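Any read-out appearing in this document is the output of simple, stated calculations on the displayed coordinates, not a laboratory observation. These figures come from a predicted structure and were not determined experimentally. When we count neighbours, we look across all protein chains shown, and the Cβ atoms used for this are built from the backbone with ideal geometry, even at glycine.
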Amino acid sequence: MTLNLTRHIAVLLTATLLFISCTKQEKTEEGILKVNKEGIPVMQPLQEEMPKLTADYIADKKYGAERFFEKIWSEKNDNVAFLVAKNGQIIYENYMGYANKSTDEKITKDTPLHIASVSKVLTSTAVLMLVDTKKITLNQKVNTIIKNFPYPDVTVQTLLNHRSGMKNYAYFTYENGNWDKKQTLTNEDIVKVMVDKQIPLETKTDTHFSYCNTNYAMLALIIEKVTGLKYPEAMKEMIFSPLGMTHTFVFDITKDRGNVAPSYKGNNVEIGVDYLDGIYGDKNIYSTPRDLLKFDKARYAPFFLNPDLIKKIYTGYSNECKGIRNYGLGVRMTCFEKGEPFYYHNGWWHGNTSSFLNLRKEKVTIIALSNKFTKKTYQTKNLAALFGDYPFKLNQDGEE
C-alpha cells in the first residue's frame, strides 16, 4: 500500500514537471504569464466567463445605444463600425457605409479598418507584457535597447506616457530636406534621421506631457529588439493569434497596399498612402470592433499583468498643470472631481478616425471606427453616461 502510494506520488510529480516544461510558464511577482517556446510572453483569453447580462438589462441598454447611434450616425453616406458591450457580451452593434466605394464593398462585422492611434493601446500592452516578464524594465534607458538612440535620458516609461520630449517624426522628416519624401520612411529610418541630422529634443525629458507619435514608433522598435521578431509578427504572436483576433493585422505597405479598406475625406475623395505609411507602433493596425472586444475582455484575466503594473497603466503621470485630463501608460484619462475616472483612446490618421472606450468599473467596452473622416467618432464618449457615473450628456456633441 505504501509502495503504491509512493509510485502514485512520483507519477504525479513527473506529470507536473512535464506540464510546466511544456507550457513554459514564467512566474511574475503576482501570478503567471504564459510565454511561448521562444520565451516571448503570450496574452491569454479570459477563461472564466463574466456574469451573464439579464434580458431586461440588455433590452434597456440596447434601446439607449441604438437611439444614440441613430442620432449621431444619421446620414446615409456615413461609414462606421460601432459596438457596445458589457462583460464581454455584445449589447448593440451596427455597421454601415463603404469599406471600398470603388468596388461597392460594404463595411461588415468582419471588415478590418485602420484604427489609427488606438494602435497605441495594443503596442503599449505588448511592451508591458515584456516588462512583466522582466525582459525589460520601465525605467530602462532606451539607448540600452536601440543602438545609436541619441537621447540618453529617455526611458521606456517616458515613451509610454509621452514624456520623452522628442519631436514628432512627421515634422522633422518633412523639414529641411531631412528625408526624401519619395522614399517610404521606416521605424529604423527615424532613428537614423535623428542621429544624422542631430535632431534636438523639443523639451527636456520627463518635464511635461507632449503627445508624440515618435514615442510609439520607438516602442515598436523595442518590441522588435527584445523579441527578435518584426513588429507585425510580434503583435500577431503575442496578442492577435492567441486571442483569436482573426481580422486584425499590422499594415505592410509593401504587401497590403491596395488590399485594405482605403480612407476618405469627408467629401468621399479617397486618400492615398504617403511616405509616412510605413511606420507602425503609433498607428497602422487594422482591426474590427469584435476583435478589439476580444482584446479588451482578455485584459480582465487574472494573470493578464501583475496588479502593480496594471495600477501603473491607469495612473496619470503629467501633473505639472492642474486639470482633469492626463495620460497613463498607453491610455488617455479624464479624472473628474466627481464620478468615475474615464479611460479611453482616440485616433486619427488620414481619413480614419477611431474611439476605444474602456469603462473599467462597469466592464463596458464601446468602440467606433470610421474610414471616412468625421469627428462624429469622438462623440462616442457621451454614451458612457448610459452605463455609469460619467458627466456626459447623450445629446451633447463630443470632442476630438
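Brief remarks on what is shown
- Based on Cα contacts under 8 Å between residues 6+ apart, the stretch 23-386 shows a relative contact order of 25 percent.
- A straight chain from LYS375 to THR186 at 0.36 nm per residue would run longer than the Cα-Cα distance by 65.2 nm.
- Computing Rg and the Kirkwood Rh from the Cα coordinates of the chain gives a ratio, Rg/Rh, of 1.00.
- For the stretch 307-400, the set of trypsin sites (Lys or Arg not before Pro) satisfying both a DSSP loop assignment and a count of at most 15 other C-beta atoms within 10 Å is given as LYS322, LYS338, LYS361, LYS375, LYS393.
- In plain terms, the residue of HIS114, HIS345, HIS247 with the fewest other Cβ atoms within 10 Å comes first and the most crowded comes last, giving HIS247, HIS345, HIS114.
- The calculated FRET efficiency for ARG257 paired with LYS37, based on their beta-carbon distance and R0 = 35 Å, is about 0.55.
- Summarising the label geometry, the points placed 7 Å from Cα in the beta-carbon direction at GLN140 and GLN47 lie 2.8 nm from one another.
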